[in-house]
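Q: Supplied in C-alpha cells, the structure appears directly below.
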Amino acid sequence: MRTLLCFGDSNTWGYDPEAAPRTERYPRDVRWPGRLARALGDEWEVVAEGLNGRTATRDDPIWEGRNGLPYLLPCLRSHAPLDLVVIYLGTNDVAERYSLPAEDVAACVGRLVKVVRTSESGPGESAPEVLVVCPPPFGKLDPLYAQGGEKSRQLGKWFAVVCEELGCELLDLDGVAAYSDLDGIHLDAEGHTAVAAAVEARLRARFP
C-alpha cells in the first residue's frame, strides 16, 4: 500500500460555506481527501492534514498555529513513509493581512516543496513525490478577502513559474473546480468532487 498526504487549509479540512457563520465541516465522504480515498480503495492510504486558516509560511496575527512551514516537517515524519505529498495552499495567503503579492504567495508554497524534498520522509528515507495544487480564482468574496480577487487570478501564472523552476508537477484548479459564491473562498460539495477527481487522475498517471 502506498501513502498520500494531503496538506492544506480549510478546503482540505472540509469547511462548509453553507454553515457560515458557524464553523462546520462537510462529512468525511464529501471532503476531497475522503472522496479520493474512496476512489483509490485499498491501493492507497490517504492522510488528510487540513487546517482552517493555514498559510504556507506566514504567522496569523490573531490565531496560533496557522503557519504551515514549521508544522510540515514533523507532519511528514509522523506519517512517513510517504509516496506523494499534495500541497493545496495559497488561498489564505492572499488575504490583505499578509500583504503578499501573488508572486510571493507562489514562492512561499515553493518553500514547502523544498522542505518535502529534503525531509527524507519517503520510502527508504527518499524524497516523496510532490503535487502542488493552485487555488482557483476567488468567487463572490467575504469582506476579509475583498481585495484579493484580482490577486487570486494571478496565482496560476506564478505557481507555474515556481513549479517549473523546481521541476514540480502543478495542478491549477482554474477551470477545474470553483469556489462557492456563498463566500468565494471555499469549495462546495461539487468543488470537492472535482478536486478529488483531478488529483486522482494525476496520481494514477504518475503511479500506474
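Q: Scan (1) of a type outside the set (A, V, I, L, M); (2) open to solvent by less than 20 Å² (accessible area, probe 1.4 Å); (3) in contact (Cβ under 8 Å) with a residue 24 or more places away in the chain; (4) farther than 17 Å from ASN11 by Cα for the single condition GLY156 breaks and write down its number.
A: Exception for GLY156: condition (3).
Q: Do any helices (runs of 4 or more DSSP H) entirely within region 68-157 hold 2 or more residues that are more than 25 Å from ALA194 (Cβ to Cβ), touching a Leu at 6+ places or on another chain (Cβ under 7 Å) and of a type outside the set (Phe, Trp, Tyr), and if so, which?
A: 68-79, 102-117
Q: Which one is least open to solvent (accessible area, probe 1.4 Å), of the residues in region 36-52 that are more than 28 Å from TRP63 (Cβ to Cβ) and out of contact with any Phe, Trp or Tyr (no Cβ under 9 Å at 6 or more places or on another chain)?
A: By that ranking, first place goes to LEU40.
Q: Would you tally the residues in region 57-93 being within 22 Å of TRP32 (Cα to Cα) and aromatic (Phe, Trp, Tyr)?
A: 2
Q: Another one. Taking interchain pairs and intrachain pairs at least six residues apart, which have beta carbon atoms under 6 angstrom, with the first residue in region 1-26 and under 23 Å from PRO70 (Cβ atoms) and open to solvent by less than 50 Å² (accessible area, probe 1.4 Å) and the second outside any loop (DSSP other than H, G, I, E, B) and aliphatic (A, V, I, L, M)?
A: LEU4/VAL46; LEU4/LEU84; LEU5/VAL47; LEU5/VAL85; CYS6/ALA48; CYS6/VAL86; PHE7/ILE87; ASN11/LEU187
Q: Since ALA107 meets every condition but one in (1) at pLDDT 95 or above; (2) buried (at least 21 other Cβ atoms within 10 Å of the Cβ), which condition does it not meet?
A: (2)
Q: Out of (1) open to solvent by 30 Å² or more (accessible area, probe 1.4 Å); (2) touching a residue at least 12 places away in the same chain (Cβ under 8 Å); (3) of a type in the set (D, E, K, R), what's the single condition that is false for ASP59?
A: With (1) open to solvent by 30 Å² or more (accessible area, probe 1.4 Å); (2) touching a residue at least 12 places away in the same chain (Cβ under 8 Å); (3) of a type in the set (D, E, K, R) applied to ASP59, the lone miss is (2).
Q: Here's another thing I want to ask about it. From the set of residues in region 1-55 that are modelled with pLDDT of 95 or more and of a type in the set (Lys, Arg), which is nearest to ALA127 (Cα to Cα)?
A: My answer is ARG2.
Q: As an exercise: evaluate LEU166 against (1) open to solvent by less than 30 Å² (accessible area, probe 1.4 Å); (2) touching a helix residue (DSSP H, G or I) at 6+ places or on another chain (Cβ under 6 Å) and give the number of the one condition it does not meet.
A: (1)
The values are calculated or read from the model by the stated rules, or taken from the named source; none is laboratory data. Fair warning: this is a prediction, and the values are worked out from it, not measured in the lab. As a convention, Cβ positions derive from the backbone with ideal geometry for all residues, glycine included, and neighbour counts pool all protein chains shown. Keep in mind that these areas ignore ligands, DNA and RNA; they rest on the heavy atoms of the full protein, side chains included. Shrake-Rupley method; radii C 1.70, N 1.55, O 1.52, S 1.80 Å.
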